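Participant: Before I ask anything, let me first share the structure, which is written out below as structure tokens.
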Amino acid sequence: MSGENAGWAERGDKVLIGTYARYPAAMVKGEGCILTDAEGREYLDCLAGIAVCSLGHCHPAVTEAVCRQAKELVHVSNLYYTCPQTELAELLTRNSFADQVFMANSGAEANEAAIKLARICAGPERYGIISLTGSFHGRTLATVAATGQPKFWEGFEPMPEGFSHAPFGNLDVLEAMITDQTCAILCEPLQGEGGVRPLDVEYLQGVAGLCKKHNLLLLFDEIQTGIGRTGSLFAYEQLGIVPDIMTVAKALGNGLPIGAMLTRKELAASLVPGTHGSTFGGNPVAAAAAVATLNIILGDGFLASVKEKGEYLQAGLEKLALRFPALVAGGRGMGLIRGLVLTEKGVEKGADMVNKLFGKGVLINFAGNAVLRFLPPLIITKSEIRQLLAALEEVLAAYEV
Ligand SMILES: *Cc1c(COP(=O)(O)O)cnc(C)c1O
């Protein structure tokens, strides 16, 4: 079987547009936290498809739900009701601030729906949306315009109008940016792509306060933080804030493509038939996967275990900071979205560290040019966390000699 990975990489590079810098492995099988490549090599997956496969790969309950639904009904469009889509919306609303849900296929599409809802609720004069520097909201034109990192929009200008970015963490500047045209503030409760950067609770409460004071909608992008990742179903529950509109996607279907925008009934009422839509959004198979996923995440003790394992990982990251102060500044995050914060010297080696871990069969990534990011399946065991920490320690120790 040797050379299978290189063979797939060569074939892929010929016919796939090169938008991704991929590792030289063709993955063929997944079970729990373990991925297997085309040459039979195993990897401890501490990225989970970028915060997607939270129940691990091929969780039996999700696989069963997908197979069952695929035998019954795969697709009918949104001209009709389907049982899984309604059941999913019931689960999401029963367990959040929201009364109603719009189903999409991805995070960017969920955010597009949120942006459109904010604008239609505010009326034609108020279209401005303020987001934060360092944020990530997607790759469509509007969501890339909302994203507070120039590297994602450079070369694709002109951007859609009405988006501005406030410096991360500064309430005074944010308030000064609010004009008569502003209709909403959009933020992630913790910036994932931007480097696992938590926003201060006081700052976020200040943002919510500004929204009240200036009659703006508060949009929370929980695409990466939602569905149990932070140890509560949604991160906002731990912050003492309730958004007006929230988006989720990534982990919602444990790997099936599905996203959702959630809001209160009064706001949702602005989206009448014909104002917005999606051919595939809330597709029965994806929705059935999401129902199975949520039922497990909402089960007894699941979220508490995410918090506990997150603290266990954090303690291990802090130990690495003590042992390798020249390279590592500390650990940060919530639940099982964690970052190992690198020092200036460590950042230079960040990409190399990820490559070395890949060589040791451990999958992580380098985020925000600042941290090694860990997004393991939420079902990861403490012994697998120890395996990750041991591999990190070996990699860091090798720079000392
Ligand atoms: C991944 C992500 C998105 C985009 O989701 P896609 O499914 O890739 O479109 C948007 N916002 C946040 C916070 C994300 O992490």
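Every number here is computed from the coordinates shown, using simple stated rules; none is lab data. All figures in this text were calculated on a predicted structure; none of them were measured in a lab. Neighbour counts are summed over all protein chains in view; Cβ atoms, including those assigned to glycine, are modelled from backbone coordinates with ideal geometry.
Participant: Beyond a 26 Å Cα-Cα separation, which of these cross-linked pairs lie in this structure: LYS116/LYS307; LYS14/LYS71; LYS151/LYS360; LYS116/LYS250? Numbers along the way, then the final one.
Facilitator: Numbers: LYS116/LYS307 34 Å; LYS14/LYS71 35 Å; LYS151/LYS360 30 Å; LYS116/LYS250 20 Å.
With Cα atoms farther than 26 Å apart: LYS116/LYS307; LYS14/LYS71; LYS151/LYS360.
Participant: Hey, another quick one. With 10 Å as the cut-off, how large is the P(r) tail for segment 348-387, expressed as percent of Cα-Cα pairs?
Facilitator: The answer is 72 percent, as a whole percent.
Participant: What does the charge count near ALA315 come to, summing +1 for each Lys or Arg and -1 for each Asp or Glu among other residues with Cβ under 12 Å from its Cβ?
Facilitator: +2
Participant: Summing Lys, Arg as +1 and Asp, Glu as -1, what charge do residues with Cβ under 12 Å from the Cβ of THR147 carry, THR147 excluded?
Facilitator: -2
Participant: Further question on the same structure: 7 Å from Cα along Cα→Cβ at both THR19 and ASP200: what's the point-to-point distance in nm?
Facilitator: Result for the modelled spin labels: 3.7 nm.
Participant: Something else now. In whole Å, how far is the Cα centre of segment 18-79 from that of segment 132-198?
Facilitator: Value for the Cα centre distance between the two parts: 30 Å.
Participant: Right, next: Gain in length, THR36 to LEU73, computed as 0.36 nm per residue apart minus the alpha-carbon separation, to one decimal in nm?
Facilitator: Values: separation 37, 0.36 × 37 = 13.32 nm, distance 3.08 nm.
Gain on extension, THR36 to LEU73, equals 10.2 nm.
Participant: Whats the longest run of the chain with zero chymotrypsin sites (Phe, Trp or Tyr not before Pro) that are DSSP loop and have at most 13 other Cβ atoms within 10 Å?
Facilitator: Here the longest run is 157-401.
Participant: Taking neighbour Cβ counts within 10 Å as the exposure measure, how do GLU311, GLU384 sort from fewest upward? Mind dumping the intermediate values first?
Facilitator: Numbers: GLU311 13, GLU384 20.
Exposure proxy ranking, most exposed first: GLU311, GLU384.
Participant: Continuing with this model, one more query. Apply 1/(1 + (r/R0)^6) to the Cβ-Cβ distance of ASN295 and GLU400, taking R0 = 60 Å, and write down the FRET efficiency to the nearest 0.05.
Facilitator: 0.80
Participant: Whole Å is fine, so just give me how far the alpha carbon centre of segment 314-329 lies from that of segment 357-390.
Facilitator: Distance between centres, Cα-based: 15 Å.
Participant: Can you work out D for segment 126-220 in µm² s⁻¹ from Stokes-Einstein, where Rh is the Kirkwood radius over C-alpha pairs, the temperature is 20 °C and the viscosity is 1.002 mPa s?
Facilitator: Calculated translational D: 161 µm²/s.
Participant: Per the Cauchy relation, a quarter of the hull surface: what is the mean projected area of the convex hull of the alpha carbons in segment 142-185, in nm²?
Facilitator: 3.4 nm²
Participant: What does the net charge come to around ALA9 if you take all other residues with beta carbon closer than 15 Å to its beta carbon, with K and R at +1 and D and E at -1? Can you show the working numbers first?
Facilitator: Details: positive: ARG11, LYS14, ARG22, ARG41; negative: GLU4, GLU10, ASP13, ASP37, GLU39.
With Lys, Arg at +1 and Asp, Glu at -1, the net is -1.
Participant: Still on this model: State the extension gain, in nm to one decimal, for the chain segment bounded by THR133 and LYS382, taking 0.36 nm per residue of separation less the distance between their alpha-carbons.
Facilitator: 86.2 nm is the gain from fully extending THR133 to LYS382.
Participant: Please report Rg over Rh for the chain, where both radii come from the alpha carbon positions and Rh follows the Kirkwood definition.
Facilitator: Rg divided by Rh gives 0.96.
Participant: For the chain, set up a Gaussian network in which alpha carbons nearer than 10 Å are linked by springs, and say which option among ASN295, ASN111, ASN355 fluctuates the most.
Facilitator: Maximum among the listed residues: ASN295.
Participant: Calculate the all-directions average of the projected area of segment 73-297's alpha-carbon convex hull, and give it in nm².
Facilitator: 11.8 nm²
Participant: Going by average Cβ density within 10 Å per residue, which order do the peptides 268-279, 173-184 take, highest to lowest?
Facilitator: Those peptides, ordered most packed to least, come out 173-184, 268-279.
Participant: Got a sec? How would THR86, THR143 order by Cβ neighbour count within 10 Å, fewest to most?
Facilitator: THR86, THR143
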